[in-house]
1. Between LEU157 and ARG76, what length comes free when the chain is fully extended (0.36 nm per residue of separation minus the Cα-Cα distance, one decimal in nm)?
2. Can you compute the label reach from ARG29? Point 7 Å from Cα along the Cβ direction, backbone N cut-off under 13 Å, restricted to the stretch 88-109.
3. For an R0 of 45 angstrom, estimate the FRET efficiency from the Cβ-Cβ distance between LYS93 and ARG192 and round to the nearest 0.05.
4. Just how much of SER60 is accessible, in Å², when a 1.4 Å probe is used and the result is rounded to the nearest 10?
Amino acid sequence: MAVNIRRDQGSKPQEVPVPSAQQGPLIARCVLGEDQAWRDLHRNAYPVAARFLRRMGVTSSELDDACQEVFVQVFRYLARFEQRSDFQTWLYKLCLSQAGRVRRRRRLHAALGWLLGRADTSCSEPEWSASQTAERVRQVLERMKPMHKEVFVLFELEGVDGQEIARILGCPATTVRRRLHYARQEFETLLRAEGAEEHNP
């Protein structure tokens, strides 16, 4: 089933959440694969997600991609959604997770930006070459704990999702999330240490 889950350009969706009384039948139609039901759900839920993501600090330049990712999760996992809770509650949870991913991506990009020599535009030192950058990244990764490095490389650099990493490593998804949390902290700490060593040989 092909469903365009991006907001149509030039049209502003109405900021009206899916009425609770209509959620059950609408979700059931979506699960059955009815294209119109998916469009109705997206049209109603998109503005709720977009508004919440903005309030959670997602910027305008990040918003469309963030909403896209949220609705990828909706379309992928809606059949597993247990309607004991409200659909909008579940949508908020997906948005919170996505907002967290956006923040982590920003921190990683900032760290890699420093690594590329772009963090301080007033710096008089020349930017590193691609080979020098690759070597710096390699050095930081080499100093990470193996269990942290493997999840960091798979998730942040290779783009593998958490569930697939869990299958690759043969461990629970909760373990992957925990290791990834500490891996990001370790990467940033080692990166700062790398900078301190460079400026204080």
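The values are calculated or read from the model by the stated rules, or taken from the named source; none is laboratory data. None of these values were measured; they are calculated from a predicted model. In this analysis, Cβ positions are derived from the backbone assuming ideal geometry, glycine residues included, and neighbour counts consider all displayed protein chains. Ligands, DNA and RNA are stripped out before the accessible areas are found, and what is left, the full protein with its side chains, is counted by its heavy atoms. Shrake-Rupley method; radii C 1.70, N 1.55, O 1.52, S 1.80 Å.
1. Net length gain for the segment: 26.9 nm.
2. What the label zone holds, given the 13 Å backbone N cut-off, is no residue at all.
3. 0.90
4. Rounded to the nearest 10, that gives 110 Å².
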